[in-house]
Each structure stands twice: as C-alpha cells, then as structure tokens.
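Encoded as structure tokens, the structure appears first; notes follow it.
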Amino acid sequence: MALTKRNRNLIFIIAGALVVLLGGGGIAYAALFAGDEPQPVATTPTPTPTPTPTPTPTPTPEKPEPAEIPTSTALHAMIDGWSGADSKKIADIMPQIGDAASGRMAAYIDAPRVKEATTALSTEVSVEPGETYEISAQVRAGTRELEKAAATIRIGDTKIPFGEVNGDWSEITGEFTAPDGEDTATIEIRVQDAVSALGIDDVTMTPASGGDNIVPNASFENVSGEWGILNDSLILRETGAAMGVALPDGDAQWSVTTSDGDAVAEGTEEVKNGIARIGLDDVTQGYYTFSVTDSDGRQISTPFGVVDYTGTHITPDDRFGVATHADQSWYFDSADAIRAVGFGLARNDVLWDQNETSPGQYSFSDHYVNEFGKFSSHGIDLLGIVNYGNPLYDGGNTPASPEAVDAFGRYAAAIAKNFDVAGLEVFNEFNHDRFQTGSCGSAPECYPPLVKATEKYVEEVDPDIPIVSGSTANYDGDWFRGLWPTGVIENSDAMSFHPYNKWIYDTPESLSTVVREANSDMKDITGTTVPIWITEFGWTTGAELGQQVSYANQAERLVRAELTAFSYGVEKYFWYDLVNDSTDGNQHEGNFGIFEQRRDGIQALPPKPAAFTQALLINELGGRGNPDRVDAGDGVKTAVFGKNDDKVRTAWTLEGERDATFSVSGPVEVTTMWGSTKTVKPKDGKVTVTVGSSPVFIKEK
C-alpha cells in the first residue's frame, strides 16, 4: 500500500554550527558558538537605542495528527535470510502481514522489557572495500503519538537511529563506507530499551556510485511457516482482527461461528506464496471458532477471542497472576499467552532439588532459565515458589534441621539473584500431607523457621522483594490462628492461601467470608495485618472426580471470584492454571487451564472461554484501583473500581435475575461478560440494568 507519511530527518554539523533540517515543513535552527572574550567597555556615553519593532511571532508548528495503530498481523514464522535474537532477550521477532510499507510483509519487533542493548534482527551482505553505500528503511511503532523509538540500524560504526515514530511508516536514511580489506558487513537492527510493535520494511543498501540493493529479503516478503494458523496469539484486538495462515496457494474458504454454531462471518481469501491474512472485519468483541479449508480441501479450526482494547496489547495488570509449570513441555513459549490475556505475574515452582546438586552451588535447570527469561522479556514478573526438599539436606524431606533450614533460605536468595521476581512464596501448601515429609510435621509452629531464613537471605539480595507466607491448601483458619502467635508476620510482606474449600469452590462469593476472617484474625492476634494474596484458585472442566464445571461456568466463576476477591481487599489473585496439564478432557487435575494444549497446525495456545473472559475483565478494569462495593439493589453483588467520574461498576446476582441500579452523571456503556455492549441512558440520574449470574461491566461514556 502507499505510504501514509514519509519523513526524512537529516542532521549536519558544520564548523561550530549545529544545523538541523527537518523535512516536511519543519524548523531550521542554527546555533553559533561565540568565543568567550569579554565585550569592550564603552568609554563614551552610548546613545539611547531606537526601539526595535516587535517581530511577528513565528507560528508554532502544528502537532501532527495521531496515527492509527497498525492493523497488520504478526505471524509465528521465520524471516528468510535474517537472524533473530533469543526470545529471552527480545520478546517477539517475526514477520507481520498487511499494512506494509512495501509489498505484503514487514518485520515485527515487540519488546516490553529490554535489559541491555541487543541485536534483534541481523543479516550479512557482501560489500566492496572502500565503497560508500546509501542506506534507507521504513520504520514505525505501535503508537498513535510520535515517540522516540529505542532502536537503531547499525552497520559497522554507522548508526542510524529510528528517531520519533508512530503507527505511520516513515523513512530513515544514512551512509556507510566499507572499510578497506572488508568484503562483508552485518546489518543489525538494535534495540536499546522497550519498544512496542516496532515495524521495519524496505531496507535498502545501494552503492552511491549506482547499482542494486544488496540487502537480502529487503522487504521481508519471503517467510517460512508451518501449515496452518500462524497467529502468535488467539486473543485478538477487535480493530484489525485477522488470522494469518500458511496454506497452499489458491482460494481458502473460511468461516467464524459462535459457541452455539451460529454463523458470524465467512468468505474466500486468495493465498499467495503460501501465506495469507484473513481479515475478520465484521467480528466484534466475543468468543468464537474460526475454521478454514485450503485449496486442497484440508481443514483446520481453532477457538479464539476478540477484545476491544486500544493499544497493541491489553495493558498488563500486576494484580492478576496465573500459575504455570515451566518444567512441562506444553508450557514452552507460554509467555505469549500470558501477555495476550493481560496477566502481569506468573507463579511457578522453582524446585530446590533440581538446582542445588552440590552444597551451596546453584545451577538452574534450562526450563527455568529459558521460560522465566521469556516471562521477563515479555514484561511478566515471577512469583517464585521456594519449594520442597533437597536430598543434600534432611534426606530430601521438608527442611527441619537448622542446617537444612539455613540452606533453604540461601537457595531462596539464589532464586532472587537469578530471576526477575515479584515475590517469593515460602513453600507450597505446607499444611498438606501430600507435600509435608519433614520430621517436625505440618503444624503451624514448624513453618516460621523457613519464612525467617528466606527473609534473612533474600533481604541481602533485595530488601524490597516481598516474602509471601502461608500458601495453605484450602483456607485453613485454625492453622493460621496457630501461625500468627509465632510472630512470623514480622517476617512476611503478604499472606496467601488456596481456597479450594468446597463451600468456596461451589460459590466463589464466599471468598468474602474468608478474606474478612483472615484480616480479622491477623489484626486480633498480631495487632497488624499484611496484604492477602490468593496465590492459587481455579476450577476444573474435567469430570474425573465429579467436581467439573462447564467451559462457560469456568469462565463465569473466574470473573465472579476475582471481582469478589478484589472488592474485599485482596491485593493479588493468581488463577490456577494457564494451560490444561492433560489432553484428556476427563482428567480432574489436568483441566484447570484457561488454554488448551497446542494442536497440530495451530501455533498459539487455543483459548478456552475463561481466557477470553479473563482478558475482557483485565481490559475493562483498565488498571483502575480503589476497589469498593455499593448497594445496587436487593440480591445484587457489586464491585466498583476507579474514582470520581472514571469508574467501572460491575454487577451480578445469584438469585435468578435482579435489577441493579446506579447513580450516574450520563449515559453508560454496559458490557456483558461475553463481550456484547449496549448504551443505557439514565433516568433521573440513575440507570437500571437487569443482571444474572454473569457479571456485567458498566462505564460512563
């Protein structure tokens, strides 16, 4: 497509004068550096100067119009002829299709966290020694406003900064002279800090004396991907929603249906060079199934969600976390799914026996190094569980001897040194016989030594890392009432539990009772409180033990539980868990996930409805704090976030249908848990919305 904007910024430094020439009608500025000699002192009276007329003010340059966020689709595929950085350093490097500066494809770099300057993409070219080359590239970012991009094209000693970019393509240029004796050069796209959906296209390097572009695959048109659906995530932005596919050339027939099988959209897309982008322009916010049949008659389908968020990703919220199992193969590259939903945190075991096999020597398993590294590069922090025993101490049982407890604390510090942690949780379900093998047992007084040792050694690494104590199986009030008299609250920054008690599992609103009890007990026994983190809770869709819920009910209970928890003061909530641990849909433990395991022909994790409702919830709250509750009518549950006129009200009921009434200052947008929206106008300063068991979101427009 044609470029929507082309900027060329040139900087010259000439003999003590800085001259900046800005293309596109910008401002030319010259600053001359005068000497430091004093001006001569006048020996005769100086005539009174004639007043100088006031000059006509120079017009202030108009602020550029905001750009549109790019609507291209990132593909889980390889860019031929180019090498990419490890995803532990740069989150995502891949081709993108659609809305390119030249042709159909462009390169895509997304890096929410960059620890050091890194070469994200590179390719080698053959050069003539001593020859000067003119370089240009089209660049953009996933922002509406112009922002300085922390990225540079580097060739040898030549550096070409991206400068200020937004969602429109703009051109950067420079020159490179090949050193004598050198017949190759490396073109590097370097990233120095976080970048959002950076786009690069049409990279050229041509001899100044004339000749062809020497950059291989300069417009990134040649890509390699496995047959099927190539989207890196199946939680899509409503604006520009599309499926990227690798299929045989020819016409592909596609359709989108609801969970009930109702047709939403369908069409035909021509596949060229093995790749196509299938735009889903008529598909609004919701949860769907996409199916496509290629020109050979081969079909593939996947569930997906569409959320109406405004940026390139849902803004992550670190109140929300999710349990992961990085040591399992189905969690490979799961950071993309975590980020797509908007989780800010991941909770994972860091098993002691795997990482300290010689006393005092720590070598972390590759699955932790790799997957935790990807979490970090994707902007996701780790709640690490300092877990279980080690054969080097107390025979591998739960640490109880002074030597074992001390080693446990030192190991916790090693985790803090090696990974980006948002907290360390001391053991997992210490009160559960399944995990408790120590000589002291599972009594609450046996637990504080582990907490104190963890705090002691982690504080030496970073005193700001929260130490999370408790982590009980179920909410065990008696156990906590035995714990608090030990004084361990002084060594804790938060307390946690996993409220799988049947009465809470059946009715998530019962979380209100245990949260109030936990706070009351802490205050009564210790005179103080620490924040409550629910570090594990979820529902299974597997029927093995008769505790299953439907996919839709899992999605609904997720929203009800999290809204209840936050409205009663819980600080963080970690859903259990991210991905089904089994492909057997009947298994109990294996079906708590909000994503299914990967399927052949689908690069991203297929979302269950709960992944969609989790993403919708995080997006609707939009980071608003100050959780509260209001009276909206008999039998109506509420949770309210935000202040003043910037509030999100949520409402639902467990009593069939009820009318929820709120005082508002104008029309409101009502969004159901399944994504549909409508506008409701107030009457006498109030709006009334009929609600059921699925929460709705109410925002003033």
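What follows draws every value from the coordinates through simple rules; no lab data is involved. Quick caveat, the model's predicted, so the values are computed rather than measured. Methodologically, a virtual Cβ is constructed for each residue, glycine included, from the backbone with ideal geometry; neighbour enumeration extends over all protein chains shown.
Observations on the structure shown:
- For segment 601-701, the normalised intensity computed at q = 0.19 Å⁻¹ comes to -0.92 (log10 of I(q)/I(0), Debye sum over alpha carbons, equal scatterers, no solvent).
- Over the residues of the chain, the helix contribution to mean residue ellipticity at 222 nm works out to -5000 deg cm²/dmol, using -39500 (n - 2.57) for each DSSP H run of at least 4.
- Charge dipole of segment 602-701 (Cα centre as origin; +1 on each Lys and Arg Cβ, -1 on each Asp and Glu Cβ, all else neutral): 200 debye, rounded to the nearest 20.
- In a fully extended conformation the segment linking residue 212 and residue 182 would gain 8.9 nm over its present Cα-Cα distance, using 0.36 nm per residue.
- Size descriptor for segment 191-246, Kirkwood hydrodynamic radius: 14.9 Å (Cα pairs only, one decimal).
- Theoretical gain in end-to-end length, residue 126 to residue 333 [0.36 nm per residue, Cα-Cα removed]: 71.0 nm
- Given in Å, the Rg to one decimal and the Dmax to the nearest whole number for the Cα atoms of segment 502-577 are 13.8, 44.
- Flagged links, alpha-carbon separation over 19 Å, of 88/148; 678/701; 681/701; 572/699: 88/148; 572/699
- Taking the Cα centre of the chain as reference, the dipole from Cβ charges on Lys and Arg (+1) and Asp and Glu (-1) amounts to some 1860 debye.
- Computed E for residue 459/residue 524 - FRET, C-beta separation, R0 41 angstrom, nearest 0.05: 0.90
- Point-to-point label distance, residue 684-residue 631, nm (Cα→Cβ direction, 7 Å offset): 1.7
- Distance between segment 329-356 and segment 480-507 - C-alpha centres, whole angstrom: 24
- The alpha carbons of the chain give a radius of gyration and a Dmax of 29.5, 106 Å, in that order.
- On a per residue basis, the convex hull of the C-alpha atoms belonging to segment 142-222 measures out at 108 Å³.
- For segment 178-222: rounded, prolate or oblate by the Cα gyration tensor [a/c cutoff 1.5]: oblate
- Over all Cα atoms in segment 561-644, the spread is summed up by Rg and Dmax: 16.4, 50 Å.
- Overall, segment 389-429 carries a charge dipole of about 140 debye about its Cα centre when +1 sits on the Cβ of Lys and Arg and -1 on the Cβ of Asp and Glu, all other atoms neutral.
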